[in-house]
Amino acid sequence: MRRIMSIGSIVFVVFAVLAGIVLLGWVGLRIKARPFAALDEAGTAPEMVSLPEDLPAPVERFFREVYGDRVPVVESAVISGRARLRIMGISFPARFRFTHVAGERYRHDIEATIFGLRLMTVKEVYEGGHARLELPFGISEGAKIDQGANLALWAEAIWYPSVWLTDPRVAWEPVDEETAVLAVPYGEKQQRFVARFDPATGMLRFFESMRYKGEESEEKTLWINEVTRWEALEGTVAPTGAEVTWFDEGKPWAVFDTEEVVYNAAVE
């Protein structure tokens, strides 16, 4: 009898310890990451140019909602904020800073945290058509990584969408009253996004393309960028809420909350 009670007590203690660990982990994952320090380098006022003519109807409506009749020439952008990243089925709080030279290259700095402390770091650089992705478990490089990085370069221009008008290598193609196709440069070729606009507000809602998940991927997967919230930020209208979803996974793997955007800073 004593032996049975002893085993039962041990089981109870083990269960209580495991439940405590799970609860502690849950609490740690609810604590937001601290934001990156505000950027020291101030941006400069951009040159303004006229809104181009002959844009597809939903594209013209969108740009008039964001900028009016004149659009800024953005040369660089530094986008900072906090996020949640789903890694191996667990949603981690994170902070991010994306540094862009418009239409040319970028650097990603991302830190996932627990209890507000850094747990893992992701660094990615895309320059000269080639990407290098530094992950906690290794480095990813290759042609399929480059393909995805170029799509990311132009998808993240959602924070400075005027480059989709001011860069002469970019072209809009009409589809219907709520949809258009954006063609962007990729070396000597092009890549395409399907842009879907909210019929009520005119704002861009979905930005979709076919992307390799990684260098080992045999086929491309539909990659969906969704803007969930547009708000006034840094003197303009910008996406302060965004989600990124692989179609075959069915739910976002990344949710971004933008807190700061600095345009035309010296980022070299």
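Throughout, read-outs are computed from the coordinates displayed, never taken from laboratory work. For clarity, every value in this text was computed on a predicted model and none was experimentally measured. Here the Cβ positions follow ideal geometry from the backbone for every residue, glycine too, while neighbour counts run over all protein chains shown.
Report the FRET efficiency, 1/(1 + (r/R0)^6), for residue 91 and residue 37, where r is their Cβ-Cβ distance and R0 is 22 Å, rounded to 0.05.
Numbers: r = 25 Å, r/R0 = 1.13.
The computed FRET efficiency comes out at 0.35.
For the range 152-163, in order, what is each residue's ³J(HN,Hα) by Karplus, 6.51 cos²θ - 1.76 cosθ + 1.60 with θ = phi - 60°, in whole Hz (x at glycine and Pro)?
Karplus values, whole Hz, x for Gly and Pro: 5, 3, 7, 5, 6, 5, 4, 7, 9, x, 4, 5.
Would you mind calculating the gained length between residue 64 and residue 266 on full extension (0.36 nm times residue separation, minus the Cα-Cα distance), in nm to one decimal? The partial results should precede the final answer.
Details: separation 202, 0.36 × 202 = 72.72 nm, distance 2.79 nm.
So the chain would gain 69.9 nm between residue 64 and residue 266.
Report the local net charge at residue 201: Lys and Arg +1, Asp and Glu -1, summed over other residues whose C-beta lies under 11 Å from its C-beta. Display every interim value, and only then the final one.
Details: positive: 61, 205; negative: 65, 198.
Result for the local shell: 0.
Test of understanding: in a Gaussian network model of the chain with alpha carbons linked when under 10 Å, which of 144, 213, 189 would top the mean-square fluctuation ranking?
189
For labels at residue 175 and residue 143 in the simple 7 Å Cα→Cβ model, what's the distance in nm?
It works out to 2.8 nm between the two label points.
Rounded to the nearest Å, what's the spacing between the alpha carbon centres of the range 80-110 and the range 178-205? Just the number, please.
The range 80-110 and the range 178-205 have Cα centres separated by 22 Å.
Note down the magnitude of the dipole of the range 38-119 about its Cα centre, charges +1 on Lys and Arg C-beta and -1 on Asp and Glu C-beta and zero elsewhere, to the nearest 20 debye.
Charge dipole of the range 38-119: 700 debye, to the nearest 20.
Could you name the aspartates and glutamates whose alpha carbon sits less than 14 Å from that of residue 144, not counting residues in the same chain fewer than 8 places away?
Residue 144 reaches 215, 216, 218, 219.
Roughly speaking, what is the stretch gain from residue 115 to residue 45, that is 0.36 nm per residue apart minus the C-alpha to C-alpha distance, in nm to one decimal?
Numbers: separation 70, 0.36 × 70 = 25.20 nm, distance 3.87 nm.
Computed gain between residue 115 and residue 45 is 21.3 nm.
List the lysines whose Cα sits under 22 Å from the Cα of residue 32, skipping any in the same chain fewer than 8 residues away.
123, 251
Most fluctuating residue of 103, 128, 148 in a GNM of the chain with Cα springs under 10 Å: which is it?
Looking only at 103, 128, 148, the largest GNM fluctuation is found for 128.
Select from 165, 115, 150 the residue farthest towards the positive end of the dipole of the range 110-223; place +1 on Cβ of Lys and Arg, -1 on Cβ of Asp and Glu, and compute about the Cα centre.
Among 165, 115, 150, the one farthest towards the positive end of the dipole of the range 110-223 is 115.
If each DSSP helix of 4+ residues adds -39,500 (n - 2.57) and the sum is divided by the residues in the chain, what number results at 222 nm, nearest 500 deg cm²/dmol?
Values: 4 runs with 56 residues, N = 268.
-6500 deg cm²/dmol, from helical runs alone.
Which peptide among 114-124, 238-248 comes first, and what is the full order, when sorted by highest mean count of other Cβ atoms within 10 Å? Write down the numbers at each step before the final one.
Values: 114-124: 14.8, 238-248: 17.3.
So the peptides 114-124, 238-248, ranked by packing, come out 238-248, 114-124.
Note the angle between two axes, namely the Cα long axis of helix 2-30 and the longest principal axis of the Cα atoms of the chain, as a number of degrees from 0 to 90, rounded to the nearest 10.
20
Can you work out the FRET efficiency for the pair residue 6 and residue 134, with r the C-beta to C-beta distance and R0 = 35 Å, to the nearest 0.05? Don't skip to the answer; put the middle values down first.
On the way: r = 51 Å, r/R0 = 1.44.
Computed FRET efficiency for residue 6 and residue 134 comes out at 0.10.
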